[in-house]
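Read the structure below first, then the notes.
Coordinate-derived values only; no laboratory data. Keep in mind it's a predicted model, so treat the numbers as computed, not measured. Cβ placement follows ideal geometry from the backbone for every residue including glycine, while neighbour counts extend to all protein chains displayed.
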Amino acid sequence: MIAAARSGIRAGGALVAAVSSSAASAASKASVLRRAAASARAVHASAPTLAGHSKWANIKHRKARADSARMKAFSKTSRLITAAAKVGGTDLEANPRLADIVAAARAINMPKALIDGAIKRGGDPDSAATEELWYEGTGQKGFAIVAQCFSDNKNRTRDLVRSAFTKHGGAFKSGVSFMFEERGEVTVVADPAKEDALLSTALEAGAEDVEWTETMDMRTDEVVDAAVVITATDGVSAMEDALKAAGWYVVASGPVRRPTSTVELPEEDVEPARALLAAIEEVDGVEAVFHNVDLPEEASEDDAAP
């Protein structure tokens, strides 16, 4: 699953101990993170290639996936712009939160008309306020799911999320949020070959862990390697600034919910679980979906020989 501007479906892992101020401790921790990253890449590299997929079919699939990711990113960013403008006003110089979101929108090539329209809606006193909403539930065999939403129609969003749960074998109910903890994440486009440089910057800025994944680079519409830098919730801004200053391209950043532990599913429940999570993520207004199920790597979609 592609990690998008924090709208991605992600199961967390164990957090590494807090960074020590001593050089020896930092070096030891960097070694641990490098081994973990190498292990994650080995798992990804060993994923089987789908048989029977022509090169053209894969190109079309990747383009459709890129288009879908772009539209979802635009929609999500538009909601964030409107919400920020409602809270702090439409003047970018007087509203640093709005300025940051607009800068992020421009970085993913969001059309100016969409940005301006979102700001205008935020400044309209008659437009409905955008609320942050959290919904919970369980999936196959009871694994926990938490969905973060931004919506100007609470009832509609709640009903759509409930429907996604019930139509795909889940249960829409409360009582699972205690299985998660709040952390901060900053996702950057990163070549694994340069992980030493990334770790050096991240550790110095207070990183707790680094995980490797894939994301959509909106500058090129390509699926690329990426690193997710995990930090304290109140350390996201400083971490983002440090990574940008070091030359890393930030794709997404913000607070997330990471599971305190994960569960595994029987093989027959894996695909239904994927379908459930995807259905929730596709609901209009859903910002991000967090869960505690340890899903196996999906088969690679690299181009296969015709």
(message) Taking the number of other C-beta atoms within 10 Å as the exposure measure, put W248, W212 in order starting with the fewest.
(response) W212, W248
(message) Can you sort D159, D269 from fewest to most other Cβ atoms within 10 Å of each residue's own Cβ?
(response) D159, D269
(request) Step through the residues of region 261-267 one at a time and calculate ³J(HN,Hα) from phi using the Karplus curve (6.51 cos²θ - 1.76 cosθ + 1.60, θ = phi - 60°), rounding each to whole Hz and writing x for Gly and Pro. (result) 7, 10, 10, 10, 10, x, 3
(request) For a footprinting-style exposure proxy, rank T130, T260, T187 by other Cβ within 10 Å, fewest first. (result) T260, T130, T187
(request) Under 13 Å from the Cβ of S237, count the other residues' Cβ atoms, weight Lys and Arg +1, Asp and Glu -1, and hand me the total. (result) -3
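When the dipole is taken about the Cα centre of region 73-134, and only Lys, Arg (+1) and Asp, Glu (-1) are charged at their Cβ, what size is it in debye, to the nearest 20? Intermediate results must be reported in sequence, preceding the final value.
Working: 8 positive and 8 negative charges, 48 e Å.
I would put it at about 220 debye.
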(message) From the gyration tensor of the Cα coordinates in region 186-282, what semi-axes in whole Å does the equivalent ellipsoid have, largest first, with each one equal to sqrt(5λ)?
(response) 27, 17, 13
(message) Just to confirm a number: summing +1 for Lys and Arg and -1 for Asp and Glu over residues other than F150 whose beta-carbon lies under 10 angstrom from that of F150, what do you get?
(response) -2
